[in-house]
Amino acid sequence: MIIDISIIKWNDMETLPEEHKPVLLLWFDDKYNEVHGSSAMYDKDDRGFIDSDAFDIPRVFDNALAWAEYPQLVLF
C-alpha cells in the first residue's frame, strides 16, 4: 500500500469552519507553554471550538491558533 502526500492548509481565526464539522485544531496550552493538536468542532453558541471527542463534558478551546480540514487520503 502506498499513501500519497497530503498537504494540510491551515486557516487563521479570521476564517471559521462550518459549524459542527470536525476539523484539526492547533491550540496553545498556557499551563505548560506548549502548542497541541486536537480534533474539534466550531460551535457558534459556545463562541469557540469544542472537543469533538468529549462525550460527557465538552471542553471549549478559547486559545485556538489555527484550524484545518482533515486531509483526504488516497490509497493505491
Contacts under 9 angstrom Cβ, first residue in the range 1-15 being under 13 Å from TYR42 (Cβ atoms) and in a loop (DSSP other than H, G, I, E, B), partner modelled with pLDDT of 65 or more and not aromatic (Phe, Trp, Tyr), 6 or more apart: MET13/ALA64; MET13/LEU65; MET13/ALA66
For the range 1-49, give me each residue that is open to solvent by 100 Å² or more (accessible area, probe 1.4 Å) and touching a Pro at 6+ places or on another chain (Cβ under 8 Å). ILE7
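The values are calculated or read from the model by the stated rules, or taken from the named source; none is laboratory data. Just so it is clear, the model here is predicted, and its values are computed rather than measured. As a convention, Cβ positions derive from the backbone with ideal geometry for all residues, glycine included, and neighbour counts pool all protein chains shown. Quick note on the areas: whole protein, heavy atoms, side chains included, nothing else; ligands and nucleic acids left out. Shrake-Rupley method; radii C 1.70, N 1.55, O 1.52, S 1.80 Å.
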